[in-house]
Amino acid sequence: MESSNLLTPTNPVFAGYAFYSCVLILKTMCMSYLTGVQRFRKKAFVNVEDAIAAGVDIKMDDQDVERCRRAHLNDLENITMFLITGLIYVLTDPNIVFALMLFRIYAVARILHTIVYAVVVVRQPARAICFNIGVLCNFIMIFSIFSSCVQL
Ligand SMILES: N[C@@H](CCC(=O)N[C@@H](CS)C(=O)NCC(=O)O)C(=O)O
């Protein structure tokens with residue numbers, strides 16, 4: 001692939017990266033609303049003005065709200081790494097089939113991580129497996145970038 005075309009939608013690897021990145025960005029944005037829904041459902045407001053408006057006392061430690069907040073934070077810790085790593089990986093002009101498979105597996109693993117953590121709450125090791133599949137995808141991309149860049 002011409003290097004000038006690597007970051008255009010004519011490159012299927014970039015198109016896949018852009019698609020799954022947007023899916024994951026949207027998913028992460030949804031976490032704010034999921035947290036908000038739980039706050040209203042459980043009447044668990046941490047700001048005085050919100051609690052007054054709802055006619056309840058402040059509640060800092062609701063388990064369902066905290067779960068959503070932790071899932072959101074975990075997305076920010078992990079999906080940010082995918083966005084950066086994935087973009088560098090696209091620039092190394094990787095194998096199309098393998099790269100698209102990695103992006104798909106990563107996206108599915110992160111969506112499942114949210115579901116088992118904050119939506120239906122599945123017992124461990126469900127969350128750990130989803131988390132580690134995502135980490136493995138990122139590691140594979142990182143090592144592939146290393147091997148493309150390091151001249152032995
Ligand atoms: N910041 C994470 C680092 C480790 C991590 O991400 N573990 C995964 C798999 S067990 C996880 O889902 N942690 C739950 C979380 O981040 O709230 C933590 O405090 O747990």
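Side notes on the structure shown:
- Here the dipole of the chain is about 460 debye; that uses its Cα centre as origin and unit charges on the Cβ of Lys and Arg (positive) and Asp and Glu (negative).
- Taking each residue as 0.36 nm, the span from S147 to F40 lengthens on full extension beyond its C-alpha to C-alpha distance by 33.6 nm.
- Surface exposure of the chain, expressed per residue as accessible area with a 1.4 Å probe, stands at 60 Å².
- The chain: relative contact order as a whole-number percent, Cα under 8 Å and 6+ apart: 27 percent
- With Cα atoms as the point set, the chain shows a radius of gyration and Dmax of 19.1, 67 Å.
- By the helix-only formula, in which each DSSP H run with n ≥ 4 contributes -39500 (n - 2.57) and the sum is divided by residues, the chain has a 222 nm mean residue ellipticity of -25000 deg cm²/dmol.
- Taking a span of 30 Å or more along the helix axis (Cα atoms) and a mean Kyte-Doolittle hydropathy of at least 0.0 as the rule, the DSSP H helices of the chain that qualify are 12-42, 63-91, 126-149.
- The slack between T80 and Q124, meaning 0.36 nm per residue of separation minus the straight C-alpha distance, is 13.4 nm.
- Local net charge near A107, Cβ-Cβ under 15 Å (Lys/Arg +1, Asp/Glu -1): +2
- Here the calculated FRET efficiency for V108 and D61, from their Cβ-Cβ distance with R0 = 41 Å, stands at 0.80, rounded to the nearest 0.05.
The values are calculated or read from the model by the stated rules, or taken from the named source; none is laboratory data. A quick note: this is a predicted structure, and the numbers were derived from the prediction, not measured. With ideal geometry, Cβ positions are generated from the backbone for all residues, glycine too; neighbour counts draw on all protein chains shown. Keep in mind that these areas ignore ligands, DNA and RNA; they rest on the heavy atoms of the full protein, side chains included. Shrake-Rupley method; radii C 1.70, N 1.55, O 1.52, S 1.80 Å.
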